[in-house]
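The values are calculated or read from the model by the stated rules, or taken from the named source; none is laboratory data. Keep in mind that what you see is a predicted model, and the values were worked out from it rather than measured. As a convention, Cβ positions derive from the backbone with ideal geometry for all residues, glycine included, and neighbour counts pool all protein chains shown.
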Amino acid sequence: MERARLPGHRGPLAGARAAAGLAALLLAMFLLVASSFAAAPDNTGGGTYEERAAAERMSRSRYRNLEVASLVVILVAGGCATYWAVKRRKS
């Protein structure tokens, strides 16, 4: 027995297109955020020990922020994919 199509139902590829679009959007947002942090150290001059140590601490905190941002993006994308799969399975 075949189920009747609901009005506005676009077929099985609609979910794949939506998932690809969401993945592209998340990647673009992540790259935008990652490029704003620019985690390169400041090599403008020798400076004193204290200045170099402060620059190193700042560089480390930038890398840490990038790691946290990537973890958040991964968790959100996984949660969205799980929600989409469960919702699709129920209907």
List every residue pair whose Cβ atoms sit under 9 Å apart, with the two residues 6 or more apart in sequence or on different chains, where the first one lies in segment 46-74 and is closer than 22 Å to Leu31 by Cβ and the second, anywhere, is of a type in the set (Val, Ile, Thr) and part of a helix (DSSP H, G or I).
Leu66/Val33; Ala69/Val33; Val73/Val33
What is the one condition in (1) at pLDDT below 85; (2) among the small types (Gly, Ala, Ser); (3) out of contact with any helix residue (DSSP H, G or I) (no Cβ under 7 Å at 6 or more places or on another chain) that Gly78 does not satisfy?
(1)
Based on what the data block shows, is Ala77 in a helix (DSSP H, G or I), in contact with an Asp or Glu (Cβ under 6 Å, 6 or more places away or on another chain) and either of a type in the set (A, V, I, L, M, F, W, C) or surrounded by 12 or more Cβ atoms within 10 Å (Cβ to Cβ) (or both)?
no
